[in-house]
Amino acid sequence: MKEANFKCNHCSTSFVHEDRYLKHKCKQMQRKEDLETPLGQAAWLYYQYWMKANHRFVPEVKSFLHSKFFSPFMRFAKFVKEVRIPDPELYIELMIELDMMPAMWTSDIIYVAYIEYLDKKIPPIRNAKITIETLFNLAEDMKCDITEIFNHLDPHEVIQLIRQRKISPWLLLRSRKFNEFYHNRLTKDNRMLLETIVIPKRWAEKLKNSAEDVKKIDQFVEALGL
């Protein structure tokens, strides 16, 4: 019987043949490779922030590699990048406040809680101005007038911009142009997705309880021809 001369430093599996050893890739080896990527480094930083915010000792990075939280934080780092969450640390703080474990952080329901939290922290007029700035930038990129912007935007792009709160329901729900876009360009599936992010009953109540701000936003909408 041949002696096993090759051993994985990550999982301690031994191999007799070098070719099998070279082809070997265990879970821990894959995690180490993932950790060395920009996404992995972001996951490690978010994990450290979460531990410190919970007043816990931050273990060495080697412990993170073996931790049950490695995969959830990798998913969260990917989520932050894809959704372009503007303040990941604020997101983590809210998760702690809600007593949500990292495995839950990327669900749509939890993300809705985050954007509603942001809506409370950022005044309606400020949200409206952010939206106007975004729409002007998009119109410039697409070489069109801002009044025609919703004729040029793809439904998925609009939904993503709303998810990122680069365009806000505070202004969109008062816009005739967006109303036309909603009814003429969005599919049933688009509308269902949008209504998980902008819950109609909650927003009807928000608008009702913010009459003065809504009046100012209506003036913005009219002036811009939206």
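Quick grid of which residues meet (1) surrounded by 14 or more Cβ atoms within 10 Å (Cβ to Cβ); (2) acidic (Asp, Glu); (3) closer than 25 Å to ASP119 by Cβ; (4) in contact with a His (Cβ under 8 Å, 6 or more places away or on another chain):
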residue: TYR49; (1), (2), (3), (4): yes, no, yes, no
residue: GLU60; (1), (2), (3), (4): no, yes, no, no
residue: SER71; (1), (2), (3), (4): yes, no, no, no
residue: ARG75; (1), (2), (3), (4): yes, no, yes, no
residue: TYR91; (1), (2), (3), (4): yes, no, yes, no
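Among helices (runs of 4 or more DSSP H) entirely within the range 123-198, having at least 2 residues that are within 18 Å of GLY225 (Cβ to Cβ) singles out 124-142, 149-152, 169-172, 176-185.
Criterion first (more than 26 Å from TYR91 (Cα to Cα) and not in a helix (DSSP H, G or I)) does LEU226 satisfy it?
Judged against the criteria, LEU226 is a match.
Looking only at the range 99-122, residues that are within 23 Å of PRO200 (Cβ to Cβ) and either under 17 Å from the mean Cα position of the chain (by Cα) or outside any helix (DSSP H, G or I) (or both) come to 14 in all. Apart from one condition, PRO86 fits all of (1) part of a helix (DSSP H, G or I); (2) under 17 Å from the mean Cα position of the chain (by Cα); (3) surrounded by fewer than 16 Cβ atoms within 10 Å (Cβ to Cβ); (4) at pLDDT below 95; the exception is (1). Return the pairs, sorted by first residue and then second, in which the second residue is surrounded by 15 or more Cβ atoms within 10 Å (Cβ to Cβ) and part of a helix (DSSP H, G or I), the first residue lies in the range 167-193 and is in the same structural domain as THR134 (by TED's automatic domain parsing) and of a type in the set (Ser, Thr, Tyr), the beta carbons are less than 6 Å apart, and the residues are 6+ apart or on different chains. Final answer for the pair search is SER168/ASN127; SER168/THR131; SER175/VAL221.
A search for C-beta distances below 7 Å between a residue of the range 64-77 that is of a type in the set (D, E, K, R) and any residue that is surrounded by fewer than 19 Cβ atoms within 10 Å (Cβ to Cβ), counting only pairs 6+ apart in sequence or on different chains, returns ARG75/THR106. Of the helices (runs of 4 or more DSSP H) contained entirely in the range 3-75, those carrying at least 1 residues that are modelled with pLDDT of 95 or more and under 22 Å from the mean Cα position of the chain (by Cα) fall at 38-53.
Rundown of residues vs (1) farther than 30 Å from MET51 by Cβ; (2) charged (D, E, K, R); (3) in the same structural domain as GLU180 (by TED's automatic domain parsing), yes/no style:
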site	(1), (2), (3)
VAL83	no, no, no
GLU89	no, yes, no
LEU94	no, no, no
ALA103	no, no, no
ALA128	yes, no, yes
LEU135	yes, no, yes
ALA139	yes, no, yes
PHE150	yes, no, yes
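The values are calculated or read from the model by the stated rules, or taken from the named source; none is laboratory data. Note that the structure is a prediction, hence the values are computed from the model and not measured. Backbone-built Cβ (ideal geometry, glycine too); neighbour counts: all protein chains shown.
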